[in-house]
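> Here it is, the structure in full.
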Amino acid sequence: MRRLYRAGAAAVMAALMGAAQAQTSVSTQPETPPPSQPDAAASSAIAAAAANPAPKFEGAVGLVLTLKPAFSGSSDRKISPQLAGFVRYGRLTLSGAGGFTTRREDDVERGLDAELVRRQGVRVNLSLRYDPGRRETQSDQLAGMGNIKATIRTRLGVRWEPAPQWTLSLASSIDTLGNGGGYLIEGGVSRSFVIDPRQRVVLSAGLTGAGDRYLQTWYGVTAEQSARSGYPVYEPREGWRDVRTGATWRIEVNPQWAGSASIGATRLLGAAADSPLTRQRNSLSVSAAIVRRF
């Protein structure tokens, strides 16, 4: 114990003596000349950024116009205006419809979302999303099919940026309230192209799979529904639901105002494509949005 104590004391004394010699050496060095004007400007910018970090709270409100099929697989089309926006505080976000981005160019996850992980290009999000279901009155093609109840979906998603401007995503969601929504699995890839400091274009593609319960609710026909609607009885099995591609143009008019325009193509697959409700396997949707950030 004494030897260990003496060795430790000697090491501490040596460190103190070394620090004293370093201090003396520094004091004898000539004074560093003042920084040049560019260096001083850079230092001031860094100091200002440190003194004014990005705000934890931000939000937006906007209007979205969308032209799309009346329901998945329908040959009827409709134009729907929607008020949309989001509010974010730290890692929590509450948002409605609309593919909005934050001031730091992050895509906004729809619903009540919590960012669980953000590290080295990887983000993990857990969210609750409102699913409005489907109403028989949306199209004459749904006559006799009844309504699909609205529900809340719990969604866990992972986003990875393997290279600049590239994003890979994988997510799974379930019907939290048990209203027939079952489960969904989604995968996607996107590539962003910066046109100038105010504009960019995002190209994307994705694939969605679904379970038996989801496909039965949205694309199946029960015996009771068949009697009312005239469609044949149909019981789909789990599998792929659709494949999709899209392109979005975004413009930052100024720090407060922004706009976007999108076009997307979807092709139904497997049991969804074979459903008697499906009049068109291929569909096209177009949307435009304007947003005011605060």
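The values are calculated or read from the model by the stated rules, or taken from the named source; none is laboratory data. Computed from a prediction, not measured in an experiment: that's the story for all the values here. Neighbour counts are summed over all protein chains in view; Cβ atoms, including those assigned to glycine, are modelled from backbone coordinates with ideal geometry.
> Restricting the range 272-286 to residues that are in a strand (DSSP E or B) and small (G, A, S), which is farthest from L65 (Cα to Cα)?
Looking at the filtered set, the residue picked out is S283.
> Write out, first by first residue and then by second, each pair whose Cβ atoms fall under 7 Å of each other, whose residues are 6+ apart or on separate chains, and whose first residue, in the range 70-81, is under 13 Å from N282 (Cα atoms) while the second is of a type in the set (V, I, T) and outside any strand (DSSP E or B).
Cβ pairs passing all conditions: G73/T278.
> Also, I was wondering about something else. Among all residue pairs at least 6 apart or on different chains, which show Cβ distances below 9 Å where the first residue, located in the range 108-131, is within 23 Å of W166 (Cβ to Cβ) and the second is of a type in the set (V, I, T) and surrounded by fewer than 14 Cβ atoms within 10 Å (Cβ to Cβ)?
R123/V117; V124/V117; N125/V117
> Only one of A265, A289 is in contact (Cβ under 8 Å) with a residue 40 or more places away in the chain and either touching a Gly at 6+ places or on another chain (Cβ under 9 Å) or not in a strand (DSSP E or B) (or both). Can you tell me which?
So the residue among A265, A289 that is in contact (Cβ under 8 Å) with a residue 40 or more places away in the chain and either touching a Gly at 6+ places or on another chain (Cβ under 9 Å) or not in a strand (DSSP E or B) (or both) is A289.
> Still on this model: I need the full set of residues from the range 274-294 which are surrounded by fewer than 18 Cβ atoms within 10 Å (Cβ to Cβ) and not polar (S, T, N, Q), in order please.
Correct list: D274, P276, R279, R281, L284, V286, A288, I290, R292, F294.
> Among the residues of the range 230-275, what is the count of those that are more than 19 Å from G206 (Cα to Cα) and more than 26 Å from the chain's Cα centre (by Cα)?
Counting residues in the range 230-275 that are more than 19 Å from G206 (Cα to Cα) and more than 26 Å from the chain's Cα centre (by Cα) gives 10.
> Let me ask something additional. Can you work out which of the residues in the range 112-149 that are of a type in the set (V, I, T) and more than 13 Å from the chain's Cα centre (by Cα) is farthest from L277 (Cα to Cα)?
V117
> Taking the range 242-263 as the search range and keeping residues that are of a type outside the set (K, R) and crowded, with 18+ Cβ neighbours inside 10 Å, which one is farthest from S283 (Cα to Cα)?
E252
> Follow-up question, since we're still on this one. Looking only at the range 89-143, filter to residues that are under 23 Å from L177 (Cα atoms) and part of a loop (DSSP other than H, G, I, E, B); which one of those is modelled with the lowest pLDDT?
A97
> Within the range 227-241, does at least one residue satisfy the condition of being surrounded by 18 or more Cβ atoms within 10 Å (Cβ to Cβ) and either of a type in the set (V, I, T) or closer than 26 Å to E115 by Cα (or both)?
no
> Say we look at the range 171-187 and pick out the residues that are touching a Gly at 6+ places or on another chain (Cβ under 7 Å) and not hydrophobic (A, V, I, L, M, F, W, C); which of these is farthest from N125 (Cα to Cα)?
My answer is G182.
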